[in-house]
1. Just one of (i) 0.95; (ii) 0.98; (iii) 1.03 is Rg/Rh (Cα atoms, Kirkwood Rh) as worked out from the coordinates here. Which one is it?
2. Take the Cα of ASN59, step 7 Å along the line toward its Cβ, and report every residue of the stretch 108-141 whose backbone nitrogen sits under 18 Å from that point.
3. Using a Gaussian network model of the chain with C-alpha springs under 10 Å, which one of GLY44, GLY86, GLY141 is most mobile by mean-square fluctuation?
4. Determine which residues of the stretch 31-60 fall in the zone a paramagnetic label at VAL73 would reach in this model, i.e. backbone nitrogen under 20 Å from the point 7 Å along Cα→Cβ.
5. What ³J(HN,Hα) values, in whole Hz, does the Karplus curve 6.51 cos²θ - 1.76 cosθ + 1.60 give for the stretch 16-21 when θ = phi - 60°, with x put for Gly and Pro?
6. How far apart, in nm, are the 7 Å Cα→Cβ label points at ARG121 and CYS27?
7. With just the Cα atoms defining each centre, how far is the stretch 129-151 from the stretch 39-81? Give it in Å.
8. Using the charge dipole of the chain (Lys, Arg: +1 at Cβ; Asp, Glu: -1 at Cβ; taken about the Cα centre), state which of ILE10, LEU111, TYR95 has its Cα farthest towards the positive end.
Amino acid sequence: MKRETSELKISSKAFDNEGQLPSKYTCDGDGINPPLHIENIPEGAKTLALIAEDPDAPNGVYEHWIVWNIDPVVSIDEGSNPGVSGDNSAGKSGYHPPCPPSGSHRYYFHLYALNAPLNLRPDSRKKDLETAMEGHIMAKGSIMAHYERKK
């Protein structure tokens, strides 16, 4: 029997959903992660996981940040590393700031509430995280921002 997942409400004081990502959070600024606020975390959630990605990258989806075993708290502070970070598409751990080569790109921050902590190696990739989350997702939600570099 498939478990029903509820919806997490994700917001940020730095940008509106589908709005512009401030350059502070990109390669043109401080290169730190934006703050995120989370509502509707289900009772019994043991941990959160986050995938930040750019589906408009020239070579396919680019993973900017993969984090799991985040305490089920209502906010992720800017410039923080709230859990265990996996390897992003740059092959590094932690937040890799958006730096689109041309045009406007979309940046999605997908959050998941899980009913169990995940036992993953710190060098795990998005595919590993998605496999480990199977059967454990209690709720999920996303927020998206656009960013285009200034000429």
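Derivation of every value follows stated rules applied to the coordinates shown; laboratory data play no part. Everything numeric in this text was worked out from a predicted model, so none of it was measured. Glycine also receives a Cβ, built like all others from the backbone with ideal geometry; neighbour counts cover every protein chain displayed.
1. Only one listed value fits the structure, namely (i).
2. Counting only backbone N, you get 125-127.
3. So, out of GLY44, GLY86, GLY141, the one fluctuating most is GLY44.
4. Counting backbone N atoms under 20 Å from the label point, the list is 32-52.
5. Whole-Hz 3J(HN,Hα) from phi for the stretch 16-21: 8, 4, 6, x, 8, 7.
6. 2.8
7. 6
8. Sorting the options by dipole projection puts first TYR95.
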